[in-house]
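Have a look at the structure below, then the notes.
A short reminder: the numbers here are calculations on the coordinates, not readings from a lab. Just so you know, these numbers come straight off a predicted model, no measurement behind them. For neighbour counting, all protein chains shown are included, and Cβ atoms are generated from backbone atoms with ideal geometry for every residue, glycine included.
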Amino acid sequence: MNFASDGHLIKAFMETIQSWQLSDEAAGGLVGVPAQTVHGWRSGEPVHANEELETRMLMVAHLRTALDIYLTEKLANQWMSLKNTGSLCQGASPVEYIAQHGWPGLYLVLCEMQAWAVGN
């Protein structure tokens, strides 16, 4: 099943980047597409997804769920853009870390958030 083509995944992704107040560039960095692609999605252009894009969108959805469960709404919406001094991000925000490290970075941020949530 192509999750992106049925609209649910892209809708969840767009709602997430809106709630996190991410720029097109930052949102594109999460899923490995250029800012102009995200801008097109915001304008209603169709999503031509491959397996990697779908996987990354699913990871963003899982990350949003973890943040929403374990943090206040305000902090959950800000967390991705806040500087993180932990051993993973070392002063960068999770969005910056992911942009620099690609999908492995997204996976590590998701694992870090889930590990933190389980420990608290």
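Test of understanding: express the Cα radius of gyration of region 27-82 as a ratio to 2.2 N^0.38 Å, with N the residue count. Rg over 2.2 N^0.38 Å, computed on Cα atoms: 1.26. Average projection, convex hull of the Cα set of the chain: 7.0 square nanometres. Considering only Trp103, Leu53, Thr85, the residue lying farthest towards the positive end of the dipole of region 1-112 is Thr85, judged by Cα position with unit charges set on Cβ. Among Val47, Val38, Val95, the largest mean-square fluctuation in a Gaussian network model of the chain (Cα springs under 10 Å) belongs to Val47. Rounded to the nearest 20, the Cβ-based charge dipole of the chain about its Cα centre (Lys and Arg +1, Asp and Glu -1) stands at 260 debye.
Comparing Gln90, Gln18, Gln100 in a Gaussian network model of the chain where C-alpha atoms under 10 Å apart are linked, the largest mean-square fluctuation is found at Gln90. Helix-only arithmetic for the chain: the sum of -39500 (n - 2.57) across DSSP H runs with n ≥ 4, divided by the residue total, places the mean residue ellipticity at 222 nm at -21500 deg cm²/dmol.
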